[in-house]
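The values are calculated or read from the model by the stated rules, or taken from the named source; none is laboratory data. Just so you know, these numbers come straight off a predicted model, no measurement behind them. Using ideal geometry, Cβ is built from the backbone for each residue, glycine included, and neighbour counts are taken over all protein chains shown. Surface accessibility is based on the protein's heavy atoms, side chains included, excluding ligands, DNA and RNA. Shrake-Rupley method; radii C 1.70, N 1.55, O 1.52, S 1.80 Å.
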Amino acid sequence: MIQIFGAVWLLSALLASAFSADDIAVSYKNYKLYDVQPSTRAELELLHRVSSELDLDFWSPPALDRNSSVMVSPWNDDSLRAYLSDHNVKHRVLYDDVQSVIDREHVYNQNRARKRRSVEQTDKRASFDYFWSMDEIYQYLDYLALEYPSLVRLKDYGKSYEGRPIKVITISTNGEVDDFRPIVLIDGGIHAREWAGHMSVLYLIHQLVERSAENMDLLNKTNWVIMPVVNPDGYVYTYEHNRLWRKNRAPVNMLCIGTDLNRNFPFRWKYYGSQCSSGYAGPTPGSELETRAVMLMMANYAKATKVYLAVHSCGDYILYPYGYDYVDAPNKVQLQELGDKAAEAVKAIGGPEYAVGSASFLLYPANGSDDFIYGSYGVEYVYTLELSCGAMVSDGFIISVAEMQKISKEAFEMFKVFGKFAGEQKIIPLGSNRKNNTAP
């Protein structure tokens, strides 16, 4: 009887913990962040192999002869160090206590946000001296739609699991976006903790709207369709409870919450990750409300979309299809050429050197939104931008405001390359044969 009572009590405690998580802040006290640099294929495979075993959290993707940051819990730290040392993987400790880094970011951001709000409540213009809350992002989009009616339209593309609207802003000198002018289609914030991506997309919107007179070369021939925050529930959760949360917030079972939305797209979907893992692909393809919102946006604008960009962080990568397996895209040469131009634009202003290539060959096989729009809708120029990790590999997701501003400006140089390219492309008339990029 005591054993039964104990088991029931334990299960109740676990359930209470799972479903009251929104009331407490998750702590990463004594979690360590390592810089690892695999130099052989065997070392790289080792990192992938022990990732699940030790519940490692890679802040930037591991790749040959490139620095990558990986977080480990206190109880798995000894095992990780043993693996790395025994296999001669070059490594060093970046942070002994990840929570202390999160705390510093939180205090600074709260102080800057409080100062911003106290200066002038009526000033809705963009300020990039702190990381915006979800409410501030949507207030800014509402402001742009009201202040720039000849340029901006704002639409809701459904709601998230917790009922938040998923907004899309369209920017066109014609007012309404149609099928007769090339489109750059962009989404950001699919992974909640990648704040540099959110802010870089907002900086682009700021440049295209509030500074449109200076950027008419990006607007005269090109329409822009942007979903700045695919995963609003996750973003709010990172802001209020768990800075390093990645997934959405829809319950999976009695103990696990969240799906990795980028693994949930139907093209070449596979059951990936355990239900509690950060990379869980969902119970079925396209199961999540947020995924469906992106798919709806793609379906509405695919015919005129000439460039699609999925904005992530971090890693200094410009990735193109295919990601799901070691399969070359039919227009690989052209994708590489345009990606190289974007990388050169960043380097020209003193930014880091971005690696350009197929996602599977450059990193590891995994499906995503880029494969979906490329393989399902035939959009020919498709990229995932893994924005810079900052001046140091240790910055990762938790970057300073100065680094955020720098990364946003570097990303804008890439956006300019893609926007100008899109504007020079021709729209294929309705009824004409479109190139089919479906993978073999």
Open item on the list: Can you compute the modelled spin-label distance between Lys347 and Ser51, with each label point 7 Å from Cα toward Cβ, in nm?
Closed with: 2.7
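Please state the charge dipole magnitude for the range 198-354, taken about the Cα centre, from unit charges on C-beta atoms (+1 on K and R, -1 on D and E), reported in debye and rounded to the nearest 20.
On the way: 15 positive and 15 negative charges, 82 e Å.
Charge dipole, the range 198-354, about its Cα centre: 400 debye, nearest 20.
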TODO: Measure off 7 Å from each Cα along the Cα-to-Cβ vector at Asp217 and Asp65, then give the distance between these two points in nanometres to one decimal.
DONE: 3.4
Task: In Å², nearest 10: area of Leu335 left accessible to a 1.4 Å probe - done: 0
Open item on the list: Apply the a/c threshold of 1.5 to the C-alpha gyration tensor of the range 271-339 and tell me whether it is rounded, prolate or oblate.
Closed with: oblate
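Starting from the exponent 0.38 and prefactor 2.2 Å, build the expected Rg for the chain from its residue count and divide its actual Cα Rg by it. Write out the running numbers ahead of the final one.
Values: Rg = 21.7 Å, N = 440, 2.2 N^0.38 = 22.2 Å.
Scaled against compact globular proteins, the figure is 0.97.
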TODO: Could you calculate the FRET efficiency of Thr284 with Asp135 from 1/(1 + (r/R0)^6), where r is the beta carbon distance between them and R0 is 41 Å, rounded to 0.05?
DONE: 0.80
Task: Centroid-to-centroid separation of the range 157-206 and the range 139-155 [C-alpha atoms, Å] - done: 12
TODO: Rank Met216, Ala250, Met227 by how far each Cα sits towards the positive end of the charge dipole of the range 209-354 (+1 on Lys, Arg Cβ; -1 on Asp, Glu Cβ) and give me just the farthest.
DONE: Ala250
Task: Per DSSP, loop chymotrypsin sites (Phe, Trp or Tyr not before Pro) in the range 36-81 with at most 11 further Cβ within 10 Å - done: Trp75
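For a distance above 15 Å, tell me the whole-number percent of Cα pairs in the range 303-378 that qualify.
Details: 1603 of 2850 pairs.
Result for the distance tail: 56 percent.
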Task: Per residue accessible area in Å² of the range 196-291, where ligands, DNA and RNA are left out and the probe is 1.4 Å - done: 31
Open item on the list: Using the Cα centre of the chain as origin and beta-carbon charges of +1 (Lys, Arg) and -1 (Asp, Glu), tell me which of Gly323, Tyr95, Ser277 is placed farthest towards the positive end of the dipole.
Closed with: Gly323
- [ ] Compute the long axis of helix 401-423 from its Cα atoms, compare it with the longest principal axis of the Cα atoms of the chain, and write down the angle in degrees, 0 to 90, nearest 10.
- [x] 40
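Which peptide among 286-297, 337-348 comes first, and what is the full order, when sorted by highest mean count of other Cβ atoms within 10 Å? Before the final figure, lay out each step's value.
Numbers: 286-297: 21.4, 337-348: 17.4.
Going by the mean number of other Cβ atoms within 10 Å, highest first, we get 286-297, 337-348.
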Open item on the list: Report, in listed order, any pair from Lys341/Lys406; Lys159/Lys303; Lys270/Lys409; Lys270/Lys303 with a Cα-Cα distance greater than 30 Å.
Closed with: Lys270/Lys409
- [ ] Ignoring everything but the protein chains, give the 1.4 Å probe accessible area of Thr384 in square angstrom, nearest 10.
- [x] 10
- [ ] Give the residue from Ile171, Ala192, Val107 lying farthest towards the positive end of the charge dipole for the chain; charges sit on Cβ (+1 for Lys and Arg, -1 for Asp and Glu) and the dipole is referred to the Cα centre.
- [x] Ile171
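Any number yet on Rg/Rh for the range 153-206, C-alpha, Kirkwood? All intermediate terms of the calculation are to be shown ahead of the outcome.
Details: Rg = 12.9 Å, Rh = 12.9 Å.
Over the Cα atoms of the range 153-206, Rg/Rh equals 1.00.
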Task: Qualifying trypsin sites (Lys or Arg not before Pro) for the range 203-249 [loop in DSSP, other Cβ within 10 Å: at most 16] - done: Arg211, Lys221
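Can you sort Ser133, Ser52 by solvent-accessible area, 1.4 Å probe, largest first?
Values: Ser133 25, Ser52 100 Å².
The most accessible residue leads, giving Ser52, Ser133.
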Task: Size of electric dipole in the range 343-396: Cβ of Lys, Arg +1 and of Asp, Glu -1, about Cα centre, debye, nearest 20 - done: 60
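Just the number, please: carbon plus sulfur as a percent of the accessible area of the chain, 1.4 Å probe, no ligands or DNA/RNA counted. Could you put the intermediate results ahead of the total?
Values: 9930 of 18820 Å².
That fraction is 53 percent.
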Open item on the list: What do you get for the angle between helix 289-301 and the principal long axis of the chain? Use alpha-carbon atoms, 0 to 90 degrees, nearest ten.
Closed with: 20
TODO: Keeping every protein chain in place, order Val356, Val225 by accessible area at 1.4 Å, biggest value first, i.e. largest first.
DONE: Val356, Val225
TODO: Give the angle, between 0 and 90 degrees and rounded to the nearest 10, that separates the Cα long axis of helix 77-86 from the longest principal axis of the Cα atoms of the chain.
DONE: 80
TODO: Compute the distance in nm between two label points, each set 7 Å from the Cα along the Cα-to-Cβ direction, one at Leu146 and one at Met254.
DONE: 4.8
